[in-house]
Protein chains: 2
Amino acid sequence: MTSAWQVLVVGGTHGNEFSGVQLLKQWQQQPLSFPNLVIQTLQANPKAHECNRRYIDDDLNREFTPQRLADFNLINYEALRAKSINQQFGPKGASQTDLVIDLHNTTSTMGPTLILLHDSHWERQLAAYVQQRMPEAVLLFELEQTYQQWGYLCTVGKRGVMVEVGPQPQSVLRQDILDQMRLMTELILEFTSLQLRNELPPLPATIEAFTSVCSKSLPLDEAGQPLAMVHQRLEGSDFTPLQPGEPIFQYFDGRVGYFDGDEPLYPTFVNEAAYYNSHMAFSLARKISLTVAAPN
Amino acid sequence: MTSAWQVLVVGGTHGNEFSGVQLLKQWQQQPLSFPNLVIQTLQANPKAHECNRRYIDDDLNREFTPQRLADFNLINYEALRAKSINQQFGPKGASQTDLVIDLHNTTSTMGPTLILLHDSHWERQLAAYVQQRMPEAVLLFELEQTYQQWGYLCTVGKRGVMVEVGPQPQSVLRQDILDQMRLMTELILEFTSLQLRNELPPLPATIEAFTSVCSKSLPLDEAGQPLAMVHQRLEGSDFTPLQPGEPIFQYFDGRVGYFDGDEPLYPTFVNEAAYYNSHMAFSLARKISLTVAAPN
């Protein structure tokens, strides 16, 4: 007999990313239902959503490192909320939840991106299944740390993935973005249900994906204030190749800063509004080709 | 002898609209200078900018009605700030400032829009001068009320205009948007300086402009919550014709709402993030052709 999986679909981890919050409302009226999945939903930070802000005190989606979850001296609002979510759906590392899907928006032109934090047969098959049915889907592996080390909310589950869709300004609902988020989420659930029942269809033998490499900060002055903005060349260019020597920064004094890499890389999260307080300008990823194990 | 005009250039009236704040910084280092203009700059709401929010308590750009300025029981932060700006640069109705230029961003695809609140030879010549040198500039007259009745900050001057440039997410700086805002502002100052000295060049005899007609709210349920979002058809369609019968709302239950107007109109401020708290979906404008008086 096929066992069931406990699945948690999360929206509103960031209070001013509206698509996930809206989908949760719709799924409350028409519940998600897939064979062998016990699906719960969670609006992770309703208080921040009420205030129309990303967070009250600190970024909830960075609170789920083992260190922070274990540190009872961290008592800002999101640190407490993280501990509560971890109690309810985790605990991280020994979780009662088999899969967490966390829904996000970005102001960057990321399209519908599936973010994966671990590289095994399961993630590759999931990625292949989603992209086969949603050719515009982008696959981004973040593997700089182990799955357990990340502070992302979705790591509270045994498996966790993020659905990241943009461009959408903060505090706005766009129909195209909402449709893409709904479709990608449903495909992840459909895959999970089929995989559990050993009913996966044939999948592509290889997939094109991206793996994150590093982040680029804006150049700062001695007082820590930006000397430049993201160059127009990069605007809207997420997941398209950036060649060494191409412009990346437009200094306010007229100078231009150039990409000093050794190989073409692929910008991600270009000029994302939420990263201004850390002066992050964009991240860079490498394009990779991954083999996919044939379903049993 | 040609007299000089007192001119005030304002940025940061809304704290999370970054372009104006950035330009003020640049103009502090390289001051704006035009013959016969005495130019001051003002960051209108630094406290809101520090908090990375549109405002602290209330919208500063609605505080400048004669009634609100005279009401000393209104003591929220922006009401007080408005009274202080009115003392310093007004008083509205008998102002020491000849011209106020207020710089704004929108998340809507408005392009570089010059908003005019009065229709006389001066505004039409200004509009013609700007558009002649910046063909992408859009001219929007808001004439539903008299100049004095509007609550906009720029009405603190004898003349007041707004420069409204988008699309730009809140809390983001985009190079193309910054360049357009700088150019339009400099053209307004250049025109003003030339006009004062009777040195205006020949201008087009007519201009194509828009005049605002009404605003459309999202359909709401009995609890005042939105039943729909802006239809994808409208996204990015600012200043392009909307025909009667075209879709405008996508209901969350799958239904579609259609435009019930009698004539084609032109959407503006489509899905602007800042108007979500008032559930405003977009505004509508009519296209008009205006004659321009030949410069003396």
Tell me which residues come under 5 Å, amide H to amide H, from B:GLN40 once H is placed; ignore anything under 5 positions away on its chain. B:VAL7, B:LEU8, B:VAL9
Once the Cα atoms of the range B:124-261 are picked out, what are the Rg and Dmax in Å? 19.0, 61
What's the carbon and sulfur percent of chain B's accessible surface, probe 1.4 angstrom, rounded to a whole number? 49 percent
Looking at chain B as a GNM with Cα springs under 10 Å, which of B:ASP260, B:ASP102, B:ASP179 has the largest mean-square fluctuation? B:ASP260
Would you kindly state how much longer the chain becomes between B:LYS287 and B:ALA205 on full extension, computed as 0.36 nm times their sequence separation minus their alpha carbon distance, in nm to one decimal? 27.8 nm
About the Cα centre, and with charges only on the beta carbon of Lys, Arg (+1) and Asp, Glu (-1), how big is the dipole of chain B? Nearest 20 debye, please. 780 debye
Rounded to whole Hz, the Karplus (6.51, -1.76, 1.60) HN-Hα couplings of the range A:225-235, x for glycine and proline: 9, x, 9, 8, 10, 4, 5, 3, 3, 8, 4
With 0.36 nm assigned to each residue of separation and the Cα-Cα distance removed, A:VAL213 to A:GLN225 gains 1.8 nm
What do you get for the angle between helix B:175-196 and the principal long axis of chain B? Use alpha-carbon atoms, 0 to 90 degrees, nearest ten. 40 degrees
Considering the Cα trace of the range A:246-296, what is its radius of gyration and what is Dmax, both in angstroms? 16.3, 60
Quote the charge dipole size of the range A:93-184 about the Cα centre in Debye, to the nearest 20; the model charges only the Cβ of Lys and Arg (+1) and of Asp and Glu (-1). 180 debye
Rounded to the nearest 0.05, what FRET efficiency do A:ALA294 and A:ALA4 give with R0 = 30 Å and r taken as the Cβ-Cβ distance? Could you check? 0.75
Determine one quarter of the surface area of the Cα convex hull of the range B:1-92, which equals its mean projected area, and express it in nm² to one decimal. 6.7 nm²
Put a label point 7 Å from Cα along the Cβ direction on B:GLU190, then list its distances to the equivalent points in the other copies in nm, shortest first. 5.5
Suppose every Lys and Arg Cβ carries +1 and every Asp and Glu Cβ carries -1, with no other charges. What dipole size does the protein assembly as shown come out with about its Cα centre, to the nearest 20 debye? 540 debye
What net charge is computed for the residues neighbouring B:VAL138, neighbours being all others with C-beta under 12 Å from the C-beta of B:VAL138, Lys and Arg scored +1, Asp and Glu -1? -3
Quick one: which residues, 5+ away or cross-chain, put their amide H under 5 Å from the amide H of A:GLY111? H built at 1.01 Å from N. A:GLY166
On C-alpha positions alone, give me the angle between the axis of helix A:77-89 and the longest principal axis of chain A, in degrees, nearest 10. 30 degrees
Local net charge near B:LEU290, Cβ-Cβ under 10 Å (Lys/Arg +1, Asp/Glu -1): -2
Where the protein assembly as shown is the region considered: accessible area per residue in Å², 1.4 Å probe: 41 Å²
Quick one: if the Förster radius is 35 Å, what FRET efficiency do A:ASN76 and B:ASN76 give, using the C-beta to C-beta distance and rounding to 0.05? 0.80
Selected from B:LEU173, A:GLN131, B:PHE89, residue furthest toward positive end of dipole (the protein assembly as shown; charges at beta carbon): B:PHE89
Go through the range A:52-60 residue by residue and turn each phi into a ³J(HN,Hα) via Karplus (6.51, -1.76, 1.60, θ = phi - 60°); whole Hz please, and just put x for glycine and proline. 6, 10, 4, 7, 7, 10, 7, 5, 4
What gaps in nm, shortest first, separate A:VAL38 from its twins in the other copies when you place the label 7 Å past Cα toward the beta carbon? 7.7
For a quick check of understanding: with a 1.4 angstrom probe and all protein chains in place, what accessible area in square angstrom does B:TRP5 have, to the nearest ten? 30 Å²
What list of ³J(HN,Hα) values in whole Hz, one per residue of the range B:129-145 in order, does the Karplus curve 6.51 cos²θ - 1.76 cosθ + 1.60 (θ = phi - 60°) give from phi, with Gly and Pro shown as x? 4, 5, 5, 4, 9, 8, x, 6, 5, 10, 10, 10, 8, 10, 10, 5, 10
Among B:GLN22, B:ASN52, B:THR268, whose Cα lies farthest out toward the positive end of the dipole of chain B, if unit charges sit on the beta carbon of Lys, Arg (+1) and Asp, Glu (-1)? B:GLN22
Within 10 Å of each Cβ in peptide B:261-273, how many partner chain Cβ atoms are there on average? Round it to a whole number, please. 1
Once every DSSP H run of n ≥ 4 in chain A is given -39500 (n - 2.57) and the sum is divided by its residues, what mean residue ellipticity at 222 nm do you get, rounded to the nearest 500 deg cm²/dmol? -7500 deg cm²/dmol
Mean separation of Cα pairs under 8 Å and 6+ residues apart, divided by the residue count of chain B: what relative contact order is that in percent? 19 percent
Give the nm distances, rounded to one decimal, from B:SER278 to the matching residue in every other copy, measuring between label points 7 Å along Cα toward the beta carbon; shortest first. 3.6
Determine one quarter of the surface area of the Cα convex hull of the protein assembly as shown, which equals its mean projected area, and express it in nm² to one decimal. 30.1 nm²
When DSSP assigns beta bridges and you keep just the ones with both residues in chain A, what percent turn out antiparallel, to the nearest 5? 55 percent
Amide H contacts under 5 Å for A:GLU246, placed H, 5+ residues apart: A:PHE259
Which chain B residue hugs the B-A rotation axis most tightly by its Cβ, and what is that distance in angstrom, to the nearest whole number? B:PRO169, 2
Three principal axis extents, largest first, for the C-alpha atoms of chain A, in Å? 67, 46, 36
Given contacts defined as C-alpha pairs under 8 Å and at least six residues apart, what's the relative contact order of the range A:129-238, whole-number percent? 33 percent
Surface accessible to a 1.4 Å probe, B:TYR266 within the full protein complex, Å²: 40 Å²
Lysine pairs in the protein assembly as shown with alpha-carbon atoms under 17 Å apart, 8 or more places apart or on different chains: how many are there? 10
How large is the accessible surface of B:HIS279 in square angstrom, using a 1.4 angstrom probe and rounding to the nearest 10? 40 Å²
q = 0.12, 0.27 Å⁻¹, the range B:216-284: log10 I(q)/I(0) [Debye, one scatterer per Cα]: -0.28, -1.30
With a 1.4 Å probe and ligands and nucleic acids left out, the total accessible area lost when B pairs with A, in Å² to the nearest 100, equals 2200 Å²
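The values are calculated or read from the model by the stated rules, or taken from the named source; none is laboratory data. Please read all numbers here as calculations on a predicted model, not as lab measurements. With ideal geometry, Cβ positions are generated from the backbone for all residues, glycine too; neighbour counts draw on all protein chains shown. The protein model used for the area step is the full one, side chains on, heavy atoms only, and it has no ligands, DNA or RNA in it. Shrake-Rupley method; radii C 1.70, N 1.55, O 1.52, S 1.80 Å.
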